[in-house]
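Enquirer: This is the structure I have questions about; it appears just below.
The values are calculated or read from the model by the stated rules, or taken from the named source; none is laboratory data. All values derive from a computational prediction rather than experimental measurement. Positions of Cβ are backbone-derived with ideal geometry, glycine not excepted, and every protein chain shown enters the neighbour counts.
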Amino acid sequence: MKEKKEIVITGRMVLRIVFALTIIATMVRLLLKQTFEKEDVIIIALLVSSMSLNFVIDKK
C-alpha cells in the first residue's frame, strides 16, 4: 500500500513564488520599456524587504 505524499505549502514558499513572479514581471516591463508607477515601486520594495527578512530568519 502506497503512502500519500502530502505537499505542505508554507508562507516562505508562497513568498518566494511571488518574489520570482515579481522579478519576471519587472523584467518584462523593462523589456517593454514601460514606466513604473509609484505603486509598483512600493510593491517591489516591500517584496524585496520581506524576502531579505526571510533569508535572515532562515539562516538562524
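Enquirer: What pairs come out if I take residues in the range 41-57 that are over 15 Å from G11 (Cα atoms) and assigned to a helix (DSSP H, G or I) and pair them with residues that are of a type outside the set (D, E, K, R) and at pLDDT below 70 whose C-beta lies under 9 Å away, six or more apart or interchain?
Expert: I44/F36
Enquirer: For A20, all conditions in the list (1) within 12 Å of the chain's Cα centre (by Cα); (2) at pLDDT below 75; (3) surrounded by 11 or more Cβ atoms within 10 Å (Cβ to Cβ) hold save one; what is the number of the exception?
Expert: Unmet for A20, out of (1) within 12 Å of the chain's Cα centre (by Cα); (2) at pLDDT below 75; (3) surrounded by 11 or more Cβ atoms within 10 Å (Cβ to Cβ): (2).
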